[in-house]
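One structure is given below, encoded as C-alpha cells.
Read-outs throughout are calculated quantities, based only on the coordinates presented, and are distinct from any laboratory measurement. Treat the numbers as computed from the prediction; the structure is a model and nothing was measured. Note that each Cβ is placed from the backbone with ideal geometry, even for glycine, and that neighbours are counted across all protein chains shown.
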Amino acid sequence: MSVLGVEGEERDDFTRRESKQIRDRSLRLLNSLLRPLWARVTLTIVVVVVSTAAQVAGPALIAYGLDTGLPALIKQDWMPLAFAVFAYLFTGIVGAALIAWYTVLTARISQAILIDLRKRVFLHTQKLSLEFHESYTSGRIIARQTSDLDSIRELLDSGINQLVQGGLYMAFIAVALFSIDFWSGVVLFGSLVPLGFLLRWFQVRSQKAFRATRTTSARLIVHFVETMTGIRAVKAFRKEKRNETEFGGLVEDYRLANMRTIKLFGVLDPGLVLIGNVALGVVLLVGGLRVAGGGLAVGVLLAALLYTRSFFAPAQEMAMFYNSYQSAAAALEKISGVLEERPSVPDPTRPIDLWQAKGSVTFEGVEFAYTPDRVILPSFDLEFPAGQTIALVGSTGAGKSTLAKLISRFYDPSDGVVSLDGVDLRRLHPKDLRRAIVMVTQEAYLFSGSVGDNIALGKPEATIEEIVAAAKAVGAHEFIEGLPDGYDTDVNKRGGRVSAGQRQLISFARAFLADPVVLILDEATASLDIPSERLVQEGLLTLLADRTAIIIAHRLSTVAIADRVLVMEHGRIVEDGTPRDLIAGTGRFSKLHAAWRESLV
Amino acid sequence: MSADPKRQGTFASILRIYPWAKPAMPRIYLGMVSALIAAIVALLIPQVLRALVDGPLQRGDASQIWWPVAAVLGLGVLEAVMIWFRRWFVLQPGTRVESDMRNSLYKQLQDLPVSFHDRWASGQLLSRAVSDLNLIRRWISFGIVLLVVNVITILIGFVFLLSINWILGIIFVVCSIPLWIYGYLFEQKYSVVARRSQDQAGDLATAVEESVHGIRVLKAFGRGQHALKNFASQAEDLRGTEIEKAKAIAGIWLWLLLVPDVTFGLSLLGGVWLAAGGQLTAGQLVAFFATATVLRFPVESIGFLLSMTFDTRTAADRFFEVMDAPNAIIDPEDPTTIAKPEGRLVFEDVHFRYQDSPAQYDDLLDGIDLELEPGETMAIVGLTGSGKSTLTALTTRLYDVTGGSIKLDGVDVRDLTRVELRRHIAMAFEDATLFSASVRDNVLLGRPDASDADLAEALEIAQADFVYQLPDGLDTRVGEEGMSLSGGQRQRLALARAVAANPEVLVLDDPLSALDVDTEAMVEAALRRVLASTTAMIVAHRPSTVMLADRVALLEGGRITAVGRHSDLLASSDHYRFVISSLEDEEKREHREALLEQEEQGADA
Ligand SMILES: Nc1ncnc2c1ncn2[C@@H]1O[C@H](COP(=O)(O)OP(=O)(O)OP(=O)(O)O)[C@@H](O)[C@H]1O
Ligand SMILES: Nc1ncnc2c1ncn2[C@@H]1O[C@H](COP(=O)(O)OP(=O)(O)OP(=O)(O)O)[C@@H](O)[C@H]1O
Ligand SMILES: [Mg+2]
Ligand SMILES: [Mg+2]
C-alpha cells in the first residue's frame, strides 16, 4: 500500500519508512510556505533575540545590585545601585516593547502562511478532478481547511516565540550560569540527559496520537456536513435518533483521541517541572556547601538558583511548542497529502491557444470507464460539426451525461481523443476550453448569494443589463422581479430560496450569459413546467442558431429544434440521423417518439 | 436570545455552559486545589531559601544545609506531582464537557426546523460544532483553572511579599493597579474582534463547502479562479481581523511585562536601600526577589488567560445562538396516535408563507382545500414556483402551516409526534438527497429493519435493478450525494427509499422527471401496484406522470382551483390546459414543418 496523496489517510499503522515519507512531505510544504517570508521571519527572530537578551539581563542586574550595590550603598556610594536600577528599568521597557512588537509581527507571519495555505488548498481542490471529489467528500476538505488549519495556526501563533525565545533563553542562561558558577552549570547540563529521554518518549507517542485526532475529527466533520446538507431527508425519514448514535460514536472517538494527546502532555509537563526542581535542589546543595565553606558569595548562589529556575520555565514553553508542533505536523501531513494528489484531468503543460473556436467536436476511438472494471462507453467515433444542434436521447444510465462530461472535460477518456476544432482537449488551454464549451449540468447548483451573482457566474464581468437580458432570454426575468429584492435576493444555500424550476432557469440564464460556442444542456428543462419549457425552447431557437449544441433530454419536445438525433443505449450510439428520418424509420427512436406523442395531451 | 448578548457580562455568558460542566465540577475543583497547592509549594521554595541564606549559610555551617536542601527537593517533587494531578483531574471532564456539548448541539440542529437551516450557512454551524467547542474545552480544562489559581497565587504572593517587608510589598501592590484597569479596557476592545474573527472563520468554512459542493458548476464554467478570488478576499478579511486581534493582545502583553519590570526595578532600589539601612536582612531580600520571580509567570499569563476567556465567551455566545433558536415545530405535549391508519389526508383552508416574505405579498398558499381519500392518488399540477413543493413539505411538517390545518385520518398533523407522522407519510424530494453510504442504507433510510425481500421489492417497484450491476451490488457506496450515479438512477433510488418506508401516504415531488419514456412507463406500471393501496400525492409537470393519478388538483395563485379527473379538467379548465398540454404547439410545429418541407421540395424542383 502506498501513502501517496490522500491514500492511507485513514490508516494509523504506518511503517517507519512511510511515516518518514509523510513527515518529509509535510516538512517540504512547511519549507515552501516559509521561504517567501524569510525576511520577516528573520526580523522576528532578531526581535525575539534582543528581547530575550534584555530579559536575561534581569537576574544578573539584580545580583549585581545585591552584591555590589548593597555594600557600596553602605559606604554611601549610590552609583552602582543607580546603575543597576536604571539598567534594569531600561532592559525591562525595551524587552516589553519588543515582545509586544513581536506579537504583531508573528501574527502577520502566521496569517500570511495560513492564507497561503488556504489558497493553495482551495485552488488545488478546484483543480482536482470529480473522481477525487466523489470519494474524498466535501467534509474532509472542509476538515482540512478548518480544524487542520486551526492546529497549524496554534503552532504559528506562539511557535516562533516559544522556540526562539525558549532556545535562546536556555542557551543564554546556560552560558550565564557557567560564567558565574561553573559547578552549577555542570548540574544544569546533567539535567539535560533525563530531559532528552523524556522528549524522545513524547515524540514517538504523540506523533501517532495526533494523527489519530486529525482522522477522527475529519470523520466527525464529514458526518456533520452530510447531516446538515441532507437535513430534509434526515427529518423525513426519521434518521435523527440513529444519527445521534452514530455521531455520538464519532464524537467519542475524537474525544478519546484528544484525551490521549492531552494525557501525553500531562506527563511531559510535570516531568519537566520535576527535572527542573531536582536540578534546583542539586544546585542549591552544591552551591550551599561552598557558601558555607566560604568558597562562594551568597549573591552568586542566589543568581545561580534564579537562573536554574528560569532555565526550566522556557523549557516548559519549549515543551508546549513541541506539543503544538506535533499537532500541527499531523495536520500538515493531511494537508500535504491533499496537495500531493495529482489531478487525473491535469492542465496541459504546453497548452495550445484557441482564440476563436468554431465549435466542431470529434471523438476518435474514444473509450471510457469510471472504474477500470466497468466500461461505460465502449470505443466509438463521432463527429459534431460546428453549428449543429444535436439531441442526445436514450434510456437512463445509458451514458449520455458521461458523453457530455467528456466533451466538457470533466473526465478524460480512458482511450482515444476528444477534440475541439481538431485540438485534443487535453492540450487545449483551460481558459479557451472553458470559454468555448459550457455545460448546464443535470443538477442545477446555486451558490448562496444573490440571484444576480449566480447568473453572473457565467461571465463575472457582466453588467446588470447583460444579466437582466440573459434572464429575459430564458424567461426567468419575471419571477426574479417578483422576488422580494429582485436580482439582489439571496437564494440561500444551494438555492433553497427558489423552486426547482426556478433554479433551472437561473442556471440556464448563467449558461446563456457565458455565450459559448459549444453549449451542452443536460436535462436542463426537466423540472420546468410545460409553458416555461416552451419559452425556453423558443429562446433556444435563436440562441442555438450559430453554435454547436448538445441537448440531452427525455422529453422529446426538444428534439424538434435539433438538426440531428443520437440515440444511446448501454453506452453505444445505436441510431444517428435527422429527426425526420428517424421518426419515419422503424428504429428505437421512432418507437420512443411514438410513445412520447402518445403521452402528450 | 432575548437579552442583547453584548450587554451580558463575560462571566454571565460563560456561566450558561454550567449545566454541561456540572458533572465535571468536582474534578475541576480538585484540579484547582492541586494547582493551588503546586503554586503555594512553588512559593514556599523561596521561603526555605531565605531560611537557608539567613541561617546556615550566614553562619557558614555546612552541616545544617542538608535539611533545607531536602526540603527544597521535597517541595520540588511535590510541585511536579501536583501539576500532574491537576492535569489528571481536569483532563477527563474537559473532554467530556466538550463532547456532551457537541452532542447537544448536534441534537438541537437535527431538531430545529428546515426554516432554520434555510437561513444558517452550514459553515457557521460547523465552526460552532468544532472550533468553538474546542475553545470551550481548553478553557475548562486549562483556562479557568489557571485563571483562578493564578489570581489566588498572585494574592497569596502579595501576602508573602508583604510579610517579608511591607514597604516593598506595598510598592508591588500599588504598581499592579494599572494592570487591572488595562485588563478591563482590553475586554472591551478584544471581545468585538474575537466575535468577528469567529464569524468570519465560519463564513470561510461555508465558502469552502460551497466550492466543493458546487464544483461541477465551477468546472463547467471554468470559474475556479473566480471562486478563489472570492474566497481569498474572505480569507483576507479574516486575516485583517486576526491581526487586529494580535494588536489588542500585544497591547495587554506590553503592560503585563512592563509593569512587573518597573516594579522589580523600584523594588531593587527600595530593597537595597532598606537593606543598607539595616531594615532588611540579605535573606529577606533574596526571598523577596525569589518570590517576585515566581509571581512573574502568573502575572504574565493573565493576558493570555484573559484573551482565552473572551474567546471562550464568544464561543459560548455563538453556541447559545443555536441552542436558543426558537423551534416552533416540536412534538405536542400530549400527542395523539392514529390507532388504525388509513391514509386520509385532508387540507383545510391551509395558508402558508415563508418567514422572509414581505408583508405586502399574499400568502404563497392562500387557502388550500383538498381531500385525499385512503388509497387515492392525487396529482398536483401547477406552474413553476406555484408552491407545489411547499405544499408537499407541509404534510410532514418540514414547515408548519401558518393558517388552517392538515389532517391525517382526522388528526391534525400537529397533534402527532413528528416520528409518528413521518412514519405514516414518506417523501421523495425533487432532488434525490442521497448520502454517501451504501445503496442498501440509502434505500432503507426510513425502515432500517426491513428484510431483504422488502428491499428487493422496493427496488423492483422503482425499477432500480441497476444496483445489482454496481461493483459491490447493494453494498456499493454511492459517492457524496449520490454523484457517482446517473440522474435517473439517483431519482429511482430516492423513489425506492420512499416506497421501502412502506407508509400510508406517499408524497412524491416530481418523481419521474429524470426518467426516459420507457423507464417511466415501467416505473408507473410497478408503482400502480403500490398506489392501489396507498394514498399518494404526486407533483407532476408532465401528462405522463399525471396518468398515475386518480384525480388531479390544479394549484393556481395559492389555491386549488380545480380538482377532477385529467380528461375532465382538460375539457373544463383553460389554465389546466395551459399548464399541462403541449399538444397544441406540437401540432402547430408539425404543421410548420410540413410547410417547410413542401417549400424545400418546391425549391429542389
Ligand atoms: N462518477 C461516476 N462514477 C462511477 N460510475 C458512474 C459515475 N457517473 C455515472 N456512472 C455510471 O455510468 C453510467 C452512465 O451514467 P450517465 O450519468 O452517463 O447516464 P445518463 O445517460 O446520463 O443517465 P440519466 O438519463 O439517468 O441521467 C451509469 O450506469 C452510472 O451508474
Ligand atoms: N425557503 C424559501 N424561502 C422563501 N421563499 C421560498 C422558499 N422556498 C421556495 N420559496 C418560494 O416559494 C415559491 C414556491 O416554491 P416551490 O418550491 O413550492 O415551487 P414549486 O411549485 O415546487 O415549483 P417547481 O415546479 O419549480 O418545483 C417560489 O416562488 C419560491 O421562490
Ligand atoms: Mg444524465
Ligand atoms: Mg418544486
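Relative contact order for the range A:361-600: 26 percent, from Cα pairs under 8 Å spaced at least 6 residues apart, divided by residue count. Relative to its residue count, the range A:250-342 spans a Cα convex hull of 98 Å³ per residue.
For the range B:20-323, report the convex hull volume of the alpha-carbon atoms normalised per residue, in Å³, without decimals.
That works out to 151 Å³ per residue.
Summarising the label geometry, the points placed 7 Å from Cα in the beta-carbon direction at A:THR463 and A:VAL50 lie 5.5 nm from one another. Applying 1/(1 + (r/R0)^6) with r as the Cβ-Cβ distance of B:ALA70 and A:ARG374 and R0 = 60 angstrom yields a FRET efficiency of 0.20.
In cubic angstrom, how much convex hull volume per residue do the alpha carbon atoms of the range A:182-295 span?
About 99 Å³ per residue, rounded to a whole number.
A viscosity of 0.692 mPa s and a temperature of 37 °C, combined with the Kirkwood radius over C-alpha pairs in the Stokes-Einstein formula, give the range A:361-600 a diffusion coefficient of 177 µm²/s. For helix A:530-543, report the angle its Cα long axis makes with the longest principal axis of the Cα atoms of chain A; keep it between 0 and 90° and round to the nearest 10°. Roughly 90 degrees, rounded to the nearest 10. Summary value for chain B: 14 percent relative contact order, contacts being C-alpha pairs under 8 angstrom separated by 6+ residues. Relative contact order, whole percent, for the range A:32-147 stands at 32, derived from Cα pairs under 8 Å and 6 or more residues apart. So what's the angle, to the nearest 10 degrees on a 0 to 90 scale, between helix B:282-323 and the longest Cα principal axis of chain B? It is inclined by approximately 10 degrees. Once the mean of 1/r is taken over each pair of separate Cα atoms and inverted, the range A:338-421 shows a Kirkwood hydrodynamic radius of 14.4 Å.
Which links in A:LYS20/A:LYS334; A:LYS263/A:LYS334; A:LYS472/B:LYS229; A:LYS127/B:LYS229 stretch past 19 Å when you go from one Cα to the other? Too far apart for the 19 Å limit: A:LYS263/A:LYS334; A:LYS472/B:LYS229. Between A:ARG572 and A:GLU481, the FRET efficiency estimated from the beta carbon spacing at R0 = 60 angstrom works out to 0.85.
Only helical DSSP H runs with n ≥ 4 go in: add -39500 (n - 2.57) per run for the protein assembly as shown, normalise by residue count and round the 222 nm mean residue ellipticity to 500 deg cm²/dmol.
That calculation yields -21000 deg cm²/dmol at 222 nm.
Taking every eigenvalue of the Cα gyration tensor of the protein assembly as shown, multiplying by 5 and rooting it, what semi-axes result, largest first, whole Å?
Semi-axes, largest first: 72, 32, 25 Å.
Per residue of peptide A:294-300, the mean number of Cβ atoms on other chains within 10 Å of the residue Cβ is 2.
The calculated FRET efficiency for A:ASP488 paired with A:ALA39, based on their beta-carbon distance and R0 = 45 Å, is about 0.55. Reachable lysines from A:LYS358, Cα under 22 Å, same-chain residues fewer than 8 places away excluded? Correct list for A:LYS358: A:LYS405, A:LYS431, A:LYS459, B:LYS219. Ordering A:ASP432, B:ASP550 from the fewest to the most neighbouring beta carbons within 10 Å gives B:ASP550, A:ASP432.
The Rg/Rh ratio of the range B:489-534, with Rg taken over Cα atoms and Rh as the Kirkwood radius over Cα pairs, comes to 0.94. By the Kirkwood approach, averaging reciprocal distances over each pair of separate Cα atoms, the range A:15-119 gets a hydrodynamic radius of 17.1 Å.
Measure out, as a whole number of angstrom, how far apart the alpha-carbon centroids of the range A:322-356 and the range A:562-590 sit. So the separation of the two Cα centres works out to 44 Å.
The phi-based Karplus calculation (6.51 cos²θ - 1.76 cosθ + 1.60; θ = phi - 60°) puts the 3J(HN,Hα) values of the range A:195-200 at 4, x, 4, 4, 5, 4 Hz, whole numbers, x for Gly and Pro. So what does the Cα-only Debye profile of chain B read at q = 0.09 Å⁻¹, as log10 I(q)/I(0), no solvent term? Each listed q corresponds, in turn, to -0.89.
Between helix A:38-64 and chain A there is an angle of about 20 degrees, using the helix long axis and the longest principal axis of the Cα atoms. Each other residue within a Cβ distance under 12 Å of B:LEU398 adds +1 if Lys or Arg and -1 if Asp or Glu, for a net charge of +2.
Among the chymotrypsin sites (Phe, Trp or Tyr not before Pro) found in the range A:337-416, those both in a DSSP coil and sparsely packed, with 10 or fewer other Cβ atoms within 10 Å of their Cβ, are A:TRP355.
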